Amino acid sequence: MSYREVHMVEVREVLRLWSLGESLRSITRLTGLDRKTVRRYVKTAQQAGCKSGDVVDDGVVGEVIGRVRAQGPGAHGDSWSVCAAHRGLLSGWLEQQIPLVKVQELLGRHSGVVVPYRTLHRYASKELGLGGRQRSTVRLAEGAPGEELQVDFGAVGWICEGGTRRRVWALVLTASVSRHLFVWLTYRQRVEDVVAGCEAAWAFFGGVFRVLIPDNLKAIVASADRDKPRLCSAFVEYAQSRGFVVDPARVRHPQDKGRVERAVQYVQSSLFAGETFATLAEAQRAAERWCRDTAGTRLHGTTRQRPAEHFAREEKPVLLPAPEAPYEVVPWSEVRVQRDHHVVVGKALYSVPTSYIGESVQVRNGRDLVRIYCRGQLIKVHPRVEPGQRSTDAADYPPRVRELACRDQKALLAQAREAGGSIGIYAERLLDAPQPWMRLRHVYRLLGLVRRYTAPTVELACSRALEAGVLDVTRVVRMVEQAVEQSPLPPRPQPAQSGHRPLRFLRQPGEYRLIRGGDHE
């Protein structure tokens, strides 16, 4: 049997008629209420101290209603008392993630009373927090006209194009004040797709909104955070070029962009439901007509105005100017510098100086130039190359490595000539071969002898090897080592003689004691 709540006016009328001396039967006939209901309110008034003939005011009526409601259908019964008596057991079972149906069985087994499931669910929800606490919300104040544009993605349907059935996503952009909206259809959710949708929206609205409020989609937000979200560099550049700012909604807080949340459902049910499109371009033309003629001319349930007229009157005059030139999206990426001094960008290789090996760098892959940044500083610029190719700057390699890595014969020969005439001639003879790059390591070894020993010693060995017609670096190495054994090199200068700061823990031999056979000397 359903319960009908008795209105305060009806209760006042019951008490007024009873105060005037009417019988319960007469009050039932005059008010249309059930006789049991009339008897309950009259009896409660008598228990509250009211007598026939007393003046019935709002205070008396309120007290009577409060007493009746405390005893009526809203009051808790015996089953609720059973749940309250076993609160600790119920709380423990729910903490163990035991389903409520099983909890009902366990409670009946423990208490001997079968509590109705509905009563158990109400008790667990209200007293034990089952299902989470009930949240309240507030209605956000309206922003200034032309200020905010809320953005969201939603799946709207499928299109079979080119023999492939593909899911269609709708980028919905809704003006916060007028609720005028624009829909951009796409197969993917890349930065290029979002930028294309925004560009089409500026043309549709006739201007640019000052604030864009998206959710945390990857094309706009690189790292979501409640207080400091990190935006994608490519989209930040686009926002800077068009003059608007991006204020993403908080994670799992759809109410931050409630205007567009409902609009996505409206697009799904009104634009795509029951429709069939052959191509995405055909669907986009239909979407623009729908935004202009259907969604724009409907009477909005909240504003009680037609969105297109509302927008044209209040928001369009205050928008930023619409862009005239198309925008080129420049992708950004974050990569790590490999041990070979290169980073991989767009399947191509670009060199970076040695000091940045192992660092994470940000790369702006432009149409003509590739710019590499580290901690906000520009560290390298390369001309863009095709995938599979590489752009290497020899200056990025450390000294005495770049010549061999880049097969720079001229640089190696210049170093050899600088070390000595015979050394230079010997290096030229070594490289005088059909495949000179195969002997670069020989010249590099020859220059290593110059760094390890004195240049005159290597010069003499190369001169004798040229006279004997020997083109073998290994023989030159032996000649240098034999010359050093016959006339040893002068000892290296001590730290004090070289002008360097003496070592902190350097001691003379006499300052140490020798231990022999356990005896101290």
If all Cα-Cα distances of the range 8-71 are sorted into 10 Å bins from 0 onward, what percent lands in each bin, rounded to whole numbers? 24, 63, 14
Give, in nm to one decimal, the length gained when the segment between Lys410 and Arg289 is fully stretched (0.36 nm per residue of separation minus the Cα-Cα distance). 36.7 nm
Under the Karplus relation with 6.51, -1.76 and 1.60 and θ = phi - 60°, whole-Hz ³J(HN,Hα) for the range 196-211, x at Gly and Pro, equal 4, x, 5, 4, 5, 5, 4, 5, 5, 7, x, x, 10, 6, 7, 10
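Quick check on my link table: of Lys228/Lys380; Lys347/Lys380; Lys102/Lys126, which ones sit more than 22 Å apart, alpha carbon to alpha carbon? Walk me through the intermediate numbers first.
Numbers: Lys228/Lys380 29 Å; Lys347/Lys380 18 Å; Lys102/Lys126 19 Å.
Beyond 22 Å between Cα atoms: Lys228/Lys380.
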Can you compute the FRET efficiency between Ala141 and Ser26 using 1/(1 + (r/R0)^6), with r the Cβ-Cβ distance and R0 = 60 Å? Round to the nearest 0.05. 0.65
Using the alpha-carbon atoms, what tilt in degrees (0 to 90, nearest 10) does helix 233-242 show relative to the longest principal axis of the chain? 70 degrees
May I ask for the distance between the Cα centers of the range 214-240 and the range 4-75, given as a whole number of Å? 63 Å
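Apply the a/c threshold of 1.5 to the C-alpha gyration tensor of the range 78-127 and tell me whether it is rounded, prolate or oblate. Don't jump to the answer; show the numbers that get you there.
On the way: a/c = 1.36, a/b = 1.16, b/c = 1.17.
Rounded, because the longest to shortest axis ratio a/c is under 1.5.
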Nearest 10, in degrees from 0 to 90: the angle of helix 421-431 to the longest Cα principal axis of the chain is 60 degrees
Run the reach check for Lys218 against aspartates and glutamates, Cα to Cα strictly under 13 Å, same-chain hits fewer than 8 apart removed. What comes back? Asp152, Glu192, Asp193
Compute the distance in nm between two label points, each set 7 Å from the Cα along the Cα-to-Cβ direction, one at Leu280 and one at Arg464. 7.7 nm
Taking the chain as the reference, fit the longest principal axis to its C-alpha atoms, fit the long axis of helix 258-267 to the helix C-alpha atoms, and give the angle between the two in degrees, 0 to 90, nearest 10. 90 degrees
Going out from 0 in 20 Å bins, what whole percent of all Cα-Cα distances in the chain drops into each bin? 14, 22, 24, 19, 13, 5, 3, 0
Kindly write out, for the range 169-185 in residue order, the coupling ³J(HN,Hα) from the Karplus curve 6.51 cos²θ - 1.76 cosθ + 1.60 (θ = phi - 60°), rounded to whole Hz, with x marking Gly and Pro. 10, 10, 8, 9, 10, 10, 6, 5, 8, 8, 6, 5, 10, 9, 10, 10, 9
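For the range 294-386, which GluC sites (Glu not before Pro) are in a loop by DSSP, counting at most 15 other Cβ atoms within 10 Å? Intermediate values should be presented prior to the final figure.
On the way: sites: Glu309, Glu314, Glu315, Glu324, Glu328, Glu334, Glu359; in loops: Glu324, Glu328, Glu359.
Passing both the DSSP loop test and the Cβ count: Glu324, Glu328, Glu359.
So what is the orientation-averaged projected area of the range 332-396, using the convex hull of its C-alpha atoms, in nm²?
3.8 nm²
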Note down the nm distance, to one decimal, between modelled labels 7 Å out along Cα→Cβ at Arg478 and at Ala394. 3.4 nm
Hz values of 3J(HN,Hα) by residue in the range 213-221 - Karplus curve (6.51, -1.76, 1.60), Gly and Pro given as x: 10, x, 8, 8, 6, 5, 5, 10, 10
Prolate/oblate/rounded label for the range 402-486 (Cα gyration tensor, a/c 1.5): prolate
MRE, 222 nm, helices only [DSSP H, n ≥ 4, -39500 (n - 2.57), over the chain, to nearest 500]: -12000 deg cm²/dmol
If the reach is capped at under 26 angstrom between alpha carbons, list the lysines near Lys316, excluding any in the same chain fewer than eight residues apart. Lys257
Pseudo-spin-label distance Arg313 to Arg252, built 7 Å along Cα→Cβ, given in nm, is 4.2 nm
Contour minus Cα-Cα distance for Gln96 and Arg118 (0.36 nm per residue): 5.9 nm
Reach of Lys51 by Cα under 26 Å, taken over lysines that are not fewer than 8 positions away in the same chain: Lys36, Lys43
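Once you sort the root eigenvalues of the Cα gyration tensor of the range 148-318 as a ≥ b ≥ c, which label holds: rounded (a/c under 1.5), prolate (a/b larger than b/c) or oblate (the other case)? Show your work: numbers first, answer last.
Details: a/c = 1.57, a/b = 1.10, b/c = 1.43.
Taking the square roots of the gyration eigenvalues as a ≥ b ≥ c, the range 148-318 is oblate.
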For Gly146, which sequence-distant residues (separation of 5 or more, or a different chain) have an amide H within less than 5 Å of its own amide H, given hydrogens modelled in the peptide plane? Val177
How much length, in nm to one decimal, is gained on full extension between Arg190 and Asp78, taken as 0.36 nm per residue of separation minus their Cα-Cα distance? 34.4 nm
Regarding the range 248-404, what's the average projected area of the Cα-atom convex hull, expressed in nm²? 15.6 nm²
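Within the chain, what's the longest stretch lacking chymotrypsin sites (Phe, Trp or Tyr not before Pro) that sit in DSSP loops with no more than 10 other Cβ atoms inside 10 Å?
Numbers: sites that count: Tyr3, Phe505, Tyr512.
For chymotrypsin sites (Phe, Trp or Tyr not before Pro) (loop position, at most 10 other Cβ atoms within 10 Å), the longest site-free span of the chain is 4-504.
Taken together, the values in this text are just the output of simple stated rules run on the coordinates, not laboratory data. Keep in mind the model is a prediction, meaning the values are calculated, not measured. Counting neighbours? That spans all protein chains shown, and the Cβs are built from the backbone with ideal geometry, glycine included.
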